[in-house]
1. When the residues of segment 240-273 are filtered to those that are part of a loop (DSSP other than H, G, I, E, B) and either without any contact (Cβ under 8 Å) to a residue 12 or more places away in the chain or out of contact with any helix residue (DSSP H, G or I) (no Cβ under 7 Å at 6 or more places or on another chain) (or both), which remaining residue is farthest from residue 145 (Cα to Cα)?
2. Could you list, ordered by first residue, the pairs with Cβ atoms under 6 Å in which the first is in segment 98-115 and closer than 17 Å to residue 148 by Cβ and the second is assigned to a helix (DSSP H, G or I), at least 6 apart or interchain?
3. Please count how many residues of segment 166-179 are in contact with a strand residue (DSSP E or B) (Cβ under 7 Å, 6 or more places away or on another chain) and surrounded by 12 or more Cβ atoms within 10 Å (Cβ to Cβ).
4. Name the single residue that is surrounded by the most Cβ atoms within 10 Å (Cβ to Cβ) among those in segment 197-221 being part of a loop (DSSP other than H, G, I, E, B) and out of contact with any helix residue (DSSP H, G or I) (no Cβ under 8 Å at 6 or more places or on another chain).
5. In this structure, does residue 276 turn out to be within 13 Å of the chain's Cα centre (by Cα), part of a helix (DSSP H, G or I), surrounded by 22 or more Cβ atoms within 10 Å (Cβ to Cβ) and modelled with pLDDT of 90 or more?
6. Taking the criterion of being modelled with pLDDT of 55 or more, more than 23 Å from the chain's Cα centre (by Cα) and not in a loop (DSSP other than H, G, I, E, B), would at least one residue in segment 34-41 satisfy it?
7. State the number of residues belonging to segment 254-292 that are touching a strand residue (DSSP E or B) at 6+ places or on another chain (Cβ under 6 Å) and under 27 Å from residue 152 (Cα atoms).
8. Checking the structure you have, find out if any residue of segment 116-127 is at pLDDT 95 or above, in contact with a strand residue (DSSP E or B) (Cβ under 8 Å, 6 or more places away or on another chain) and either outside any loop (DSSP other than H, G, I, E, B) or within 17 Å of residue 268 (Cβ to Cβ) (or both).
C-alpha cells in the first residue's frame, strides 16, 4: 500500500534526462531510491501495544470474530487464509461479515436498503467466496461504490455516507472524489495515492513534464502488456509491482482494491486508502528545475 508521501517518483528523486527526449524514442527516467525510513524500537513497541489492546477489545465486542493465537510455530499462510481472505475456502470469519450485512439490511431504508438487498441477494451473499470467481470483481466494485457514496450510516435522525463524513471533516473545497478501480492482477491488497493541485500543475505547464504526464497517464496497471514508454527501469518496476509503483509514477487521485475483500473489511480499507489519497493531495513538495530537467522532492 505504497503512497507517494513515503515514496514519490522513486522514493526521493526522479530525473528526466533531456538528452533522451527525441521523437519516436522513449522518455527515460533515472531513479535514485534515496534513504529508507523505519520506526524506532520504542515506537514499534508502543504500536504493538496499541494493536494488542485493540484486538482484545474487538474479541469482546465481536464475539464471532475468528482470530488465531500466534506463536513461533504459526503457519502464517494458514492464519491469513483463515482470518483475512474472504474469497478462500478456508476463511472462518464469514459470520462476522454476514452480521455486517444483516445490520445494513435492518438499519437502512428505501432505495439504499433495496440496493444492499439486491447486492447481497437478500443477505445470502456476504463475501466474494459466496459467488463464482467470475463475479467477484463486479460484486466488489458495486460494493465499494455503495459503501463510499450511499447514505447507509445511521446517525441520529439522518443517514450519511462515508463520503459525507470525509467532506464534513476536511471541507467541500478540499475534497475531490478519487477514481475507484478493481485491481485485477492481485489476489489481496489495496493501493491509493493522490497529488495536490500544485503538483498536478507542474505537469501541465512544463513541456517535458507535460509529455511525461501524457505517457504515464496511458498506463493501465490492469493491463498485462509491458509498458515501455519510460524506459527499461520503469518498465521493470511496473511489471514487478503494477499497483504499488503506479502511484509513484502516475499523477492523479486513485484507489485500486482487489476483489477478495468482505464488506466489513472494505469499509476500513477504503478509509485507509483514502488516507493515502488525502495525504498526497496535500503535498506541496515537488520542485522543478528546468535547466537540469530534474523533479525533486
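The values are calculated or read from the model by the stated rules, or taken from the named source; none is laboratory data. Treat the numbers as computed from the prediction; the structure is a model and nothing was measured. Note that we place each Cβ from the backbone using ideal geometry, even for glycine, and neighbour counts take in every protein chain shown.
1. First, pick out the residues of segment 240-273 that are part of a loop (DSSP other than H, G, I, E, B): 241, 250-253, 258-262.
Narrowing further to those that are either without any contact (Cβ under 8 Å) to a residue 12 or more places away in the chain or out of contact with any helix residue (DSSP H, G or I) (no Cβ under 7 Å at 6 or more places or on another chain) (or both): 241, 252, 258.
Working: 241: 25, 252: 19, 258: 14 Å.
The extreme case among them is 241.
2. Listed by first residue and then by second, the contacts come to 100/263; 100/264; 104/116.
3. 1
4. Just the residues of segment 197-221 that are part of a loop (DSSP other than H, G, I, E, B), to begin with: 206, 218-221.
Keeping just the survivors that are out of contact with any helix residue (DSSP H, G or I) (no Cβ under 8 Å at 6 or more places or on another chain) gives 206, 218, 220.
Details: 206: 17, 218: 11, 220: 14.
Taking the candidates together, the pick is 206.
5. Working: within 13 Å of the chain's Cα centre (by Cα): yes; part of a helix (DSSP H, G or I): yes; surrounded by 22 or more Cβ atoms within 10 Å (Cβ to Cβ): yes; modelled with pLDDT of 90 or more: yes.
When the stated conditions are applied, residue 276 passes them.
6. Scanning segment 34-41, I find at least one residue that is modelled with pLDDT of 55 or more, more than 23 Å from the chain's Cα centre (by Cα) and not in a loop (DSSP other than H, G, I, E, B), so the answer is yes.
7. Matching residues across segment 254-292 total 9.
8. Residues of segment 116-127 at pLDDT 95 or above: 116-127.
Next, from what is left, pick out any that are in contact with a strand residue (DSSP E or B) (Cβ under 8 Å, 6 or more places away or on another chain): none.
No; the residues of segment 116-127 include none that is at pLDDT 95 or above, in contact with a strand residue (DSSP E or B) (Cβ under 8 Å, 6 or more places away or on another chain) and either outside any loop (DSSP other than H, G, I, E, B) or within 17 Å of residue 268 (Cβ to Cβ) (or both).
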